[in-house]
Amino acid sequence: MLVNIKQVDAFTNIPFGGNPAGVVTEADGLDDEIKQKIAREMNLSETAFVSKSDAADFKIQFFTPRFELDLAGHPTIAVFSVLDEEGKLDTDKSIYYQETKAGILPVERKKINDKEVFMMTQASPKFKEVKIDRSEAAGFLGLDEEDILELPIVKVSTGIWWIVIGVKKLEKLVSLKPDLKVIEAVSREFNAVGVTPFCIDSLNKSYDYHIRAFAPLAGVSEDPVCGTGNGCVSSYIVKNGLIECGKAVNLIGEQGNEVDRPGCVYVNIKKNSGSIEEVKIGGTAVTILDGNMVF
């Protein structure tokens, strides 16, 4: 069997930046076992597979090297960038629908700062308390308790669950040394894909916040630029009033500098009667590898 596969750097327009994803746009006929093996062979944080859908424009599945996810952010941006360059998107419309295990979700093509960006709507955020105190969180992040924001540590989902932890100072977030074995155990205990510490500061002062994402449970020590992680963190930021938000707010999240893959995520959050009703994240992408897998 021969399968065409591309490697795409998402949340960047510069090769070797952002977050790489594998993309297979012709996945009809591939069973889930083969998809999992392809994802393991690619050994990227996620590989996405596009199939025909009776309910949406496309059906998309997301596999880490270890298991399938309900939803993934940067592979979605990668997928739609590839579908666009392959001429598989209807140019008469700007909104497309993807069938995922998190539901049927829209992806919009739009211009932001003179760049063509794909914005994906994520699921409405859910927040659940986890029994992790500031001292414990500091311990597995390699920080001191006083470095952690005095806010509840919760898990948040805009499609998949992340444990969100606020850090007071940017220099502490950038230099932290996580205990990945403990983070893996904590993620398993609380049924989350990983941990996303963040700070309301950034290296590039045109951005609004800085985040990191550790997902050893999924086989990913540190995800360079994470779409669902940014969806969860930005929702937490807005919910806790860390950034002023009226009925809507546009943010830009910064990530990836610590692993030499800098990128940024565009975020749009809308509120209704004080509650978050819509979260969109998006970015640009660039294809850096195009080849065939033969097996």
Is there a pair in K6/K37; K181/K239; K110/K270; K172/K271 whose C-alpha atoms are over 26 Å apart, and which pairs would that be? K181/K239; K172/K271
Starting from the Kirkwood radius over alpha-carbon pairs of region 126-282, derive D by Stokes-Einstein at 4 °C in a medium of 1.567 mPa s and give it in µm² s⁻¹. 85
Along principal axes, largest first, the alpha-carbon spread of the chain in whole Å comes out as 54, 40, 32
Using 0.36 nm per residue of separation minus the Cα-Cα distance, give me the extension gain between E258 and R188 in nm, one decimal. 22.7 nm
Just want the ordering: V294, V117, from fewest to most Cβ atoms lying within 10 Å of their own Cβ. V294, V117
Helix-only CD estimate at 222 nm, as mean residue ellipticity for the chain, using -39500 (n - 2.57) per DSSP H run (n ≥ 4): -6000 deg cm²/dmol
Segments 250-256, 27-33 sorted - mean Cβ within 10 Å per residue, highest first: 250-256, 27-33
Percent antiparallel among DSSP beta bridges confined to region 126-282, rounded to 5, stands at 80
Can you put M1, M293 in order, fewest other beta carbons within 10 Å first? M1, M293
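Readers should treat all values here as calculations from the given coordinates under stated rules, not as data from a laboratory. What you see is a predicted model, and the numbers here were worked out from it, not measured in a lab. Heads up, the Cβs are rebuilt from the backbone with ideal geometry, glycines too, and the neighbour counts pull from every protein chain shown.
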